[in-house]
Amino acid sequence: MVIVNILIHPLKLSYTNYIIEIRRLWQGYEKPCILGETGWDHTFYEPGMPGYLALYHNALWGSLSSGLSMTPFWWSHSRVVNDSVVTSQLSSISRFVSEIPFSNLIMTQAILPKHIR
């Protein structure tokens, strides 16, 4: 059982939540998994604010670094959100993964540091 300190900053919780949930999906299943959707347009931050951008960043990069077979769909769609958040982050992650030969990788479970297990 994971005990989470509710006084932790929401941005730290956002990436640790993805990593912990993905780890749970890996345990016993040992195959690449997906988180189908995540996010919302009114979280701890409003769209366009730096914190909102960081929440989306954490969803993408936490999912990628934890071994998901795809990044989750961000459950908020509007011109404002797409222009200020989604497009730039998807461009960055696309550039990063474009040279990774995913079909030839042997995927294994992410190992969490002891302080977030």
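The values are calculated or read from the model by the stated rules, or taken from the named source; none is laboratory data. Please read all numbers here as calculations on a predicted model, not as lab measurements. Here the Cβ positions follow ideal geometry from the backbone for every residue, glycine too, while neighbour counts run over all protein chains shown.
Check whether at least one residue in the range 81-99 is part of a loop (DSSP other than H, G, I, E, B) and modelled with pLDDT of 80 or more, and report yes or no.
Scanning the range 81-99 turns up at least one residue that is part of a loop (DSSP other than H, G, I, E, B) and modelled with pLDDT of 80 or more.
Check whether at least one residue in the range 21-28 is acidic (D, E) and modelled with pLDDT of 80 or more, and report yes or no.
Yes: one or more hits.
For every residue, the table says whether it meets (1) within 21 Å of S103 (Cβ to Cβ); (2) at pLDDT below 75; (3) crowded, with 18+ Cβ neighbours inside 10 Å.
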residue: M1; (1), (2), (3): no, yes, no
residue: L7; (1), (2), (3): no, yes, no
residue: S14; (1), (2), (3): no, no, yes
residue: E30; (1), (2), (3): yes, yes, no
residue: L64; (1), (2), (3): yes, no, no
residue: W75; (1), (2), (3): no, no, no
residue: R79; (1), (2), (3): no, yes, no
